[in-house]
Amino acid sequence: MSAINVHGLSKRFGDVLAVDGLGFDVEEGTVVGFLGPNGAGKTTTLRMLLGLVAPTAGTATFAGRAYRELPAPTRMVGAVLEASGFHPGRSARNHLRVLATAAGLPGSRVDEVLGQVGLADAAGRRVGGFSLGMRQRLGLAAALLGDPGVLLLDEPANGLDPEGIHWLRGLIRRQADEGRTVLVSSHLLAEVAQTVDQVVIIARGRLVAHSTLADLTAGAAAAVRVRTPQAEALRDRLAAGGAAVQLDGPDKLVVTGVTTEQVGRAAAAAGIVLHEMRFERSNLEEVFLELTNHGGNRS
Amino acid sequence: MTRLVNAELLKLRTTRTAVGVFALTVAVTALIMTAVMLIAGRPGQPAIDSGILPDLVVVAKGPLVIFALILGVLGMSGEFRHGTATPTFLVTPHRGRVVAAKVVAHALAGVTLAAASAVVALGIGLPWLRSKGVEVAIFDADVGSRLLGLAATSALHAVLGIGLAALIRNQVVAVAAGLLWMRIEDLLPAVLHRPGLGRWLPEGAAAALTGASPATLSMWAGGLLFAAYGLALALIGTRFVVRRDLT
């Protein structure tokens with residue numbers, strides 16, 4: 001059962017096609033990283049899901065139902081959005097009381113979520129004096145108010161200090177452990193790599209990858225790095241065997257298309273001494289950059 | 001719907017804006033009453049007799065309706081200015097319901113402002129008249145109808161403010177447009193050589209609420225027409241502006 005369905009979703013703002021035929025599903029109970037460079041269309045997609053922006057084409061639903069058709073949206077979907085605002089003159093608690101009143105949620109939820117995001121001590125202070133990190137926590141508190149099964153978080157780490165980011169990861173993980181579905185956007189893969197089960201990567205409004213993190217790196221280019229005093233001899237030997245070999249300094253080789261076992265065997269057969277050999281995979285960030293830059297430069 | 005109206009009333013109570021407008025209404029009414037007491041009875045000014053009481057009730061009507069209008073504009077446009085429109089519309093995706101709740105809540109706020117103004121005016125006026133030896137009947141039909149009219153015009157000006165801001169998202173432009181219209185409307189019948197036109201225009205219709213005369217519509221007709229203006233603006237604004245993409 002998928003919790004979120006996006007099908008053929010497009011949005012045009014004047015001349016700009018911000019989202020272009022985007023489609024993906026998010027399974028219930030998974031944590032999915034929604035990734036892409038700034039301007040890739042992540043925020044627009046999330047806002048279309050939430051009924052704040054009308055799609056030019058396609059659908060974005062929660063288990064087949066549009067957000068505005070949900071009987072009690074705040075109890076089913078919680079969202080933290082970047083441009084989500086607060087009245088500077090209203091206290092954090094009153095901000096949440098207003099939302100709880102409109103949603104028909106018990107007032108006791110207000111103090112519960114304030115505690116959950118670590119704002120209990122600042123609850124009576126006016127939001128105008130809040131730091132960016134505190135506002136981000138208040139936004140999260142609002143999203144959690146209805147104890148929803150699905151959470152949409154748009155760049156929730158923005159404005160958080162390292163401690164805050166650590167706390168956020170824990171919070172997302174706890175939500176997932178409780179069986180909730182989380183779609184968390186970021187322009188940095190590393191930021192969410194520790195937290196997510198899957199990634200949906202978009203660039204220029206289009207889907208470029210939807211897979212698990214393991215599959216993403218498995219598909220990445222890998223190389224064997226070798227240090228040997230007989231670099232040229234080993235190069236010729238491996239090249240003859242069909243591997244792509246590059247000399248990387250007088251005593252270093254970069255070999256692609258082979259395993260370490262194959263390199264070791266070839267060296268032994270030719271009586272070549274190896275000083276060092278290691279297998280190296282492109283890291284996630286490189287994979288991410290390659291995927292999102294594929295097909296030309298971002299405009 | 002009750003939930004949404006309660007939420008809107010809570011919004012009004014939890015910032016300083018509405019409290020400030022309330023305090024301003026009380027202060028301005030007191031100021032005007034002081035001026036009235038100083039000049040009443042002089043040549044060309046109202047006589048100090050029992051007939052003055054209904055006029056005292058609506059003594060601060062001019063500034064009061066402007067405050068109510070501004071309160072309405074701020075209540076609607078503030079959502080866009082501060083970005084609270086996003087959480088508001090996440091909780092209530094049907095935006096028309098939010099506007100409807102704002103209309104009700106701000107109408108109630110308008111009534112509260114009118115009540116405060118009337119209480120201050122009578123609170124100062126009654127002891128003053130008594131000290132002048134004037135016998136006044138507070139439970140007078142004229143006084144009652146003025147009180148009702150003041151409450152209605154204040155409430156409906158707040159509704160008009162909501163409508164204006166639903167149509168014009170920008171706070172300053174919406175307030176300026178409202179105030180400018182009041183001036184234009186004064187001049188329009190003369191400019192168009194249609195002296196009878198005034199009663200049909202928003203402020204002309206509203207005027208019937210606090211002082212119906214042969215030149216105005218009846219109190220009920222004027223009130224309904226003025227309400228229709230405010231609600232029409234709110235409907236058009238909701239349809240064409242409030243429902244726009246919220247990016």
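Return the whole-Å distance between the Cα centroid of the range A:239-285 and the Cα centroid of the range A:94-145. If you average the Cα positions of each part, the centres end up 57 Å apart. The mean number of partner chain beta-carbon atoms within 10 angstrom of a residue's beta-carbon across peptide A:91-101 is 5.
Within 10 Å of the Cβ of each residue in A:104-112, the mean number of Cβ atoms contributed by other protein chains is 1. Positive-end ranking of B:Gly51, B:Ala121, B:Gly75 along the dipole of the range B:51-136, with charges on Cβ about the Cα centre, is headed by B:Gly75. Within the straight-line cut-off of under 19 Å between alpha carbons, the lysines reachable from A:Lys11 are A:Lys42, sequence neighbours fewer than 8 places apart in one chain being disregarded. Full extension of the segment from A:Ala214 to A:Met277, taken as 0.36 nm per residue of separation minus the current Cα-Cα distance, would add 20.3 nm. If R0 is 35 Å, the Cβ-Cβ spacing of B:Arg16 and B:Arg42 corresponds to a FRET efficiency of close to 0.35. Cross-link partners of B:Lys102 among lysines, defined as those whose alpha carbon lies under 28 angstrom from its own and excluding same-chain residues fewer than eight positions apart: B:Lys11, B:Lys61. Simple spin-label estimate for B:Leu197 and B:Val134 gives 3.8 nm between the two label positions (7 Å along the Cα-to-Cβ direction from each Cα).
Full extension of the chain between A:Trp167 and A:Gln194 yields a length gain of 8.4 nm, computed as 0.36 nm times the residue separation minus the alpha carbon distance.
Placing +1 on the Cβ of every Lys and Arg and -1 on the Cβ of every Asp and Glu, with nothing else charged, gives the range B:12-127 a dipole about its Cα centre of roughly 440 debye.
Take the Cβ-Cβ distance between B:Ala215 and A:Ala54 as r, set R0 to 51 Å, and report the resulting FRET efficiency rounded to the nearest 0.05. Once rounded, the FRET efficiency stands at 0.60. Only the Cβ atoms of Lys and Arg (+1) and of Asp and Glu (-1) were treated as charged; on that basis the dipole of the range A:222-281 about its Cα centre amounts to roughly 120 debye. The peptide list A:108-118, B:144-154, B:212-222, put in order of mean Cβ contacts within 10 Å with the highest first, becomes B:144-154, A:108-118, B:212-222.
Once the C-beta distance of B:Ala232 and A:Val16 is scaled by a Förster radius of 35 Å, the resulting FRET efficiency is 0.50 to the nearest 0.05.
For the listed peptides B:67-80, B:13-26, A:184-197, a ranking on the average number of other beta carbons within 10 Å per residue, highest first, reads B:67-80, A:184-197, B:13-26.
Here the range B:180-207 and the range A:1-28 have alpha carbon centers that stand 51 Å from each other. Adding -39500 (n - 2.57) for every DSSP H run of four residues or longer, then dividing by how many residues chain A holds, sets the calculated 222 nm ellipticity at -10000 deg cm²/dmol.
Dipole size of the range B:2-242 about its Cα centre, with +1 on Lys/Arg Cβ and -1 on Asp/Glu Cβ: approximately 740 debye, rounded to the nearest 20. Taking the charge dipole of chain A about its Cα centre, with +1 at Lys and Arg Cβ atoms and -1 at Asp and Glu Cβ atoms, the residue from A:Leu168, A:Val226, A:Leu284 reaching farthest to the positive side is A:Leu168. For the range B:1-103, the Kirkwood hydrodynamic radius comes to 16.3 Å, computed from all pairs of different C-alpha atoms.
With a cut-off of 17 Å, note down the residues of the range A:214-244 whose backbone N falls inside the zone around a label point 7 Å from the Cα of A:Glu286 toward its beta carbon. Correct set: A:214-227, A:244.
In the range B:2-242, one over the average inverse separation of all distinct C-alpha pairs is 18.7 Å, which is the Kirkwood hydrodynamic radius.
Since every read-out is calculated from the coordinates, none of them should be taken as a lab result. Everything numeric in this text was worked out from a predicted model, so none of it was measured. Methodologically, a virtual Cβ is constructed for each residue, glycine included, from the backbone with ideal geometry; neighbour enumeration extends over all protein chains shown.
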